[in-house]
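Please treat every number below as a calculation from the coordinates, not as lab data. In this text, all values refer to a predicted model and were calculated from it rather than measured experimentally. No Cβ is skipped: glycine too gets one built from the backbone with ideal geometry, and neighbour counts run over all protein chains shown.
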Amino acid sequence: MGVLTDYFRAADAGVVVKYLELSDAASPVGELDGVQAKSVDPDVVLGRLVAAASGGSFVDLDSRAVWPTTPAPTDVPEEGDPWAEGPWVSEVGASARDALAGVSDVAAVTAVWVEAEEVYGDAADWEPFVAELVALARRARDAGESLFCWVSL
């Protein structure tokens with residue numbers, strides 16, 4: 001079983017929650033502007049990409065959970081709890097969105113990013129995804145929107 005991760009843009013968390021409450025789609029990508037990103041988790045792997053984009057080391061993405069809307073359990077969630085089964089959606093911080101939106105050399109950033117131990121594959125395989133994510137981040141920034149990550153098992 002793999003982890004599915006998709007990135008998309010929306011005006012705010014309220015729009016995302018309303019969408020998830022009303023939709024039975026597996027992922028918002030397709031109905032909302034986004035990109036599919038199998039295995040690019042919103043914490044470590046995306047953090048490595050944002051670090052490559054900003055010329056630094058690992059970056060705190062300042063992300064926050066927006067779905068499920070119930071408080072996260074302090075212990076292991078029980079079967080049937082939305083925190084146990086997903087999907088989960090988090091909002092990526094504006095500084096991470098802006099770092100991605102500011103990428104001018106996708107090939108160079110991708111080449112640095114694929115050197116991270118958490119990234120599998122070579123730069124040629126990942127460059128189209130990075131280009132799509134950079135373009136998505138630009139559209140989000142230019143529209144005053146946020147980036148979100150949808151995760152499902």
Global geometry of the stretch 20-69, whether rounded, prolate or oblate, following the gyration tensor of its Cα atoms and the 1.5 cut on a/c: prolate
Stretchable slack from SER95 to ALA25, in nm (0.36 nm times residue separation minus alpha-carbon distance): 22.3 nm
Beta bridge orientation in the chain: antiparallel %, DSSP, nearest 5: 95 percent
VAL76-ALA116 pseudo-label distance in nm [points 7 Å out on the Cα-to-Cβ vector]: 2.9 nm
Helix-only mean residue ellipticity at 222 nm for the chain, each DSSP H run of n ≥ 4 adding -39500 (n - 2.57), per residue, nearest 500: -12000 deg cm²/dmol
Taking the C-alpha atoms of the stretch 21-135, convex hull volume expressed per residue in Å³: 131 Å³
